[in-house]
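Beneath this line is the structure, given in structure tokens, with notes to follow.
Values in this text are rule-based calculations from the coordinates and carry no lab data. Here the structure is a predicted model, which means the values were calculated and not measured. Here the Cβ is made from the backbone with ideal geometry for all residues, glycine too, and neighbour counts use every protein chain on show.
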Amino acid sequence: DAGVTQSPTHLIKTRGQQVTLRCSPISGHKSVSWYQQVLGQGPQFIFQYYEKEERGRGNFPDRFSARQFPNYSSELNVNALLLGDSALYLCASSSQGDGYTFGSGTRLTVV
Amino acid sequence: AQSVAQPEDQVNVAEGNPLTVKCTYSVSGNPYLFWYVQYPNRGLQFLLKYITGDNLVKGSYGFEAEFNKSQTSFHLKKPSALVSDSALYFCAVRDAGDSNYQLIWGAGTKLIIKP
């Protein structure tokens, strides 16, 4: 079975632009969570989706949005990018919330 | 409020010696506890978890952790460290009663194993 796949692996954006990050969970996993990890810090929870519904949202501005598709893949969108949005964005796949498998992440650099 | 503390920013151990990376937590309900390892410019790799059952949990690469409810701790241990264990280690907790599956993370501990 393939693990959690995230795309792209790296990207560079300019301040004010918009970005879309993608995640495909492990087959059979219906829950996808997104985390932001700034260099030197632990991950911070952004969103969790289960069966295409938003189940939780962390303390992030409305510029951050996400959705989950019928095949349980997910997209994270960030509008009006700021320099402070530069981070590693991690996607986690879970079946019952008692185990989480992470993708390798998308490294976003905002210049 | 839920929280995780990893009191040591860095732990230095000689190869072959035992290692311990500390973690304490705070949740209102029953905890689900996790340890992950992160290598430079990589995602998070699962090491072990405590959900229920035996307080001593064995995981990947020879690591183990002991759940101590009275001390609200979940310290990561390994009997004999390898240079390849050098990495960043994160402890995370989830409240079992929390429906949003949110993990709360510690700030991470950098483990350095010296030959």
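Explain nothing, just the number: dipole magnitude of the range A:22-111 about its Cα centre with +1 on each Lys and Arg Cβ and -1 on each Asp and Glu Cβ, in debye rounded to the nearest 20.
The dipole of the range A:22-111 has a size of about 100 debye.
Would the protein assembly as shown count as rounded, prolate or oblate if I go by the C-alpha gyration tensor, calling it rounded below 1.5 in a/c and otherwise prolate when a/b exceeds b/c, oblate otherwise?
Prolate.
Could you give the longest part of chain A that holds none of the trypsin sites (Lys or Arg not before Pro) found in DSSP loops with at most 16 neighbouring Cβ atoms within 10 Å? Intermediate results must be reported in sequence, preceding the final value.
On the way: sites that count: A:Arg15, A:Lys30, A:Lys52, A:Arg63.
Within chain A, the longest run free of exposed trypsin sites (Lys or Arg not before Pro) spans A:64-111.
Set the Förster radius R0 to 45 Å, insert the Cβ-Cβ distance between B:Leu82 and B:Asn30 as r into 1/(1 + (r/R0)^6), and round the FRET efficiency to 0.05.
It comes out at approximately 0.85.
Starting from the Cα of A:Ser65, step 7 Å toward the Cβ, then list every residue of the range A:13-38 with an amide N under 18 Å from that point.
Counting only backbone N, you get A:16-23, A:34.
Which is the longest stretch in chain B that no exposed loop site breaks, taking sites as trypsin sites (Lys or Arg not before Pro) with a DSSP loop state and at most 15 other Cβ atoms within 10 Å?
My reading of the result: B:70-115 is the longest stretch.
Among B:Ser26, B:Gln45, B:Pro79, flag the residue with its Cα farthest along the positive direction of the charge dipole of the range B:5-99, charges on Cβ as +1 for Lys/Arg and -1 for Asp/Glu.
B:Gln45
Tell me, what is the Rg over Rh of chain B, with Rh the Kirkwood radius over Cα pairs?
Ratio of gyration radius to Kirkwood radius: 0.96.
Please identify the GluC sites (Glu not before Pro) of the range B:1-72 that satisfy two criteria: DSSP loop assignment and at most 12 other Cβ atoms within 10 Å. Which are they?
none
May I ask which residue of A:Val110, A:Val38, A:Asn77 lies farthest towards the positive end of the charge dipole of chain A, with charges of +1 (Lys, Arg) and -1 (Asp, Glu) on Cβ and the Cα centre as origin?
Positive-most Cα among the choices belongs to A:Val110.
Quick check: Cα centre of the range A:59-111 to Cα centre of the range B:55-84, how many Å?
29 Å
Mark the label point 7 Å from the Cα of A:Ala80 along Cα→Cβ and return the residues of the range A:1-39 whose backbone N is within less than 18 Å of it.
It comes to A:14-20, nothing else.
Place a +1 charge on the Cβ of each Lys and Arg in chain B and a -1 charge on the Cβ of each Asp and Glu, then give the dipole magnitude about the Cα centre in debye, rounded to the nearest 20.
120 debye
If R0 is 45 Å, what FRET efficiency do you get for A:Ser27 and B:Ala14 from their C-beta distance, rounded to 0.05? Spell out each step's value before the answer.
On the way: r = 43 Å, r/R0 = 0.95.
It comes to 0.55.
Near B:Gln2, within a Cβ-to-Cβ distance under 12 Å, what is the net charge of the other residues, with Lys and Arg +1 and Asp and Glu -1? Each step should come with its number before you reach the end.
On the way: positive: B:Arg94; negative: B:Asp95, B:Asp98.
Summing Lys and Arg as +1 and Asp and Glu as -1 gives -1.
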